[in-house]
Amino acid sequence: MLSQSTVEVIRPLMQSLREDGLLVPCKAAQLSWETTAAVLESRFATGAMKPADLARAQGHYARMTPENARRTLRFWQVRAS
C-alpha cells in the first residue's frame, strides 16, 4: 500500500468489521476521501457500507492529519514486528 506499511499491519485492518483502523493507512498515504471510501467498501463481499457509517468514517477521516496517521501507523508497525 502507498502508506509503506506491511501486510501484517494492513491485513487485520482489512478484515476488521470496524472501519476506523483502515482510515489510518489511507490518510498516511494521503488518499482522497473518494478513494478511501472505495477501499472501505471493498472489504466485504456483501456490498456497500451503510450511509450513516460511511458519513461517520468521512468525519473521522477529515479530522485526522496525515502526520498523526503516519505516527500511528509507525507505532502499529513496531508493535507488529
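Per-residue ellipticity at 222 nm computed for the chain from its helices equals -20500 deg cm²/dmol, with DSSP H segments shorter than 4 residues left out and the rest contributing -39,500 (n - 2.57).
Dividing the convex hull volume of the alpha-carbon atoms in the chain by its residue count gives 81 Å³ per residue. Helix screen, the chain: DSSP H segments with Cα axial length of 15 Å or more and mean Kyte-Doolittle hydropathy at least -1.0 are 51-63. Full extension of the segment from N68 to L17, taken as 0.36 nm per residue of separation minus the current Cα-Cα distance, would add 16.1 nm.
We did not get these values from a lab; they are worked out from the coordinates using the rules stated. What you are looking at is a predicted structure, and each value in this text was computed from that prediction instead of being measured.
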